Amino acid sequence: MILVNSLKYTPVKLTFGTSGLRGLVSDMTDLECYINTLGFIEFLKTYEKQIINTVYIAGDLRESTPRIMEAVAQAVTDSDLSYVNCGLIPTPALAFYAQINKQPCIMVTGSHIPADRNGIKFYKSSGEILKGDEDNIHKCVSSVRSRVYAESNLFNEQGGLIKRTRLTKVVNAAKDQYFNRYINAFG
């Protein structure tokens, strides 16, 4: 069965805000987060020519964050990549750790927006994506969306993952490195 024909809702495409994708939590279905993550990974491979083995992921303390992180992790795994679950940490901690280790990362965070919304920030191994990257990411997301809508059997009629992916154990290295950076600087 073609996935898009089985959906009992109309998917809402996530859009870039000031920094990363933003949307209502109700629109950030597993399906939409999965598609955008796959699109970002395709962007890295196609436009950044990055050889990727591992993607670091983390999130903030919003109620919706763990579910979105699971969809992101599923997309990374389905891209034949591994991920490191850096846990629920501040965005700068994840970004710093990923840049030091020259790896891409994905942060699930709504930053300053209300709790009925959330977001996903993408980082290349060189740092946060730039406004100039967004068009190419959109092209990749559009390509992925067509494929997933036509063939995926991972999602139910509400766009939720049929089989929930449990996140791997949290690796505290990013948090520890971030704390140590400030302890070393300020004592």
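General observations
- Per residue accessible area in Å² of the chain, where ligands, DNA and RNA are left out and the probe is 1.4 Å: 50
- Virtual spin-label span in nm between residue 172 and residue 15, 7 Å along Cα→Cβ: 4.2
- Summing charges over neighbours of residue 32, with a neighbour being any other residue whose Cβ is under 11 Å away from its Cβ, gives 0 when K and R count +1 and D and E count -1.
- Value of relative contact order over the chain, rounded to a whole percent, pairs C-alpha under 8 Å and six or more apart: 31
- Equivalent ellipsoid of the stretch 22-68: semi-axes from √(5λ) of the C-alpha gyration tensor, largest first, are 24, 13, 8 Å.
- Note on residue 51/residue 146: beta-carbon distance plugged into 1/(1 + (r/R0)^6) with R0 of 35 Å gives a FRET efficiency of 0.85.
- This structure gives volume of the Cα convex hull per residue in Å³, computed directly, and of [x] 148; [y] 125; [z] 115 that value is listed as [z].
- Cα centroid of the stretch 124-172 to Cα centroid of the stretch 1-28, whole Å: 11
- Estimated [θ] at 222 nm from DSSP helical runs (n ≥ 4, -39500 (n - 2.57)) normalised by residues in the chain, nearest 500: -13000 deg cm²/dmol
- When the solvent-accessible area of the chain is split by element, carbon and sulfur atoms take up 53 percent of it, the probe being 1.4 Å.
- Cross-link reach is defined here as a Cα-Cα straight distance under 30 Å, omitting same-chain residues fewer than 8 places apart; for residue 175 the lysines meeting it are 45, 49, 102, 121, 124, 131, 163.
- Near residue 88, the amide H atoms lying under 5 Å from its own belong to 59; only residues 5 or more places off or on other chains count, and H is placed 1.01 Å from N.
The values are calculated or read from the model by the stated rules, or taken from the named source; none is laboratory data. The shown structure was predicted, so the numbers you read here are calculated from the model rather than taken from an experiment. Methodologically, a virtual Cβ is constructed for each residue, glycine included, from the backbone with ideal geometry; neighbour enumeration extends over all protein chains shown. Protein only, heavy atoms only, side chains kept; ligands, DNA and RNA dropped before computing areas. Shrake-Rupley method; radii C 1.70, N 1.55, O 1.52, S 1.80 Å.
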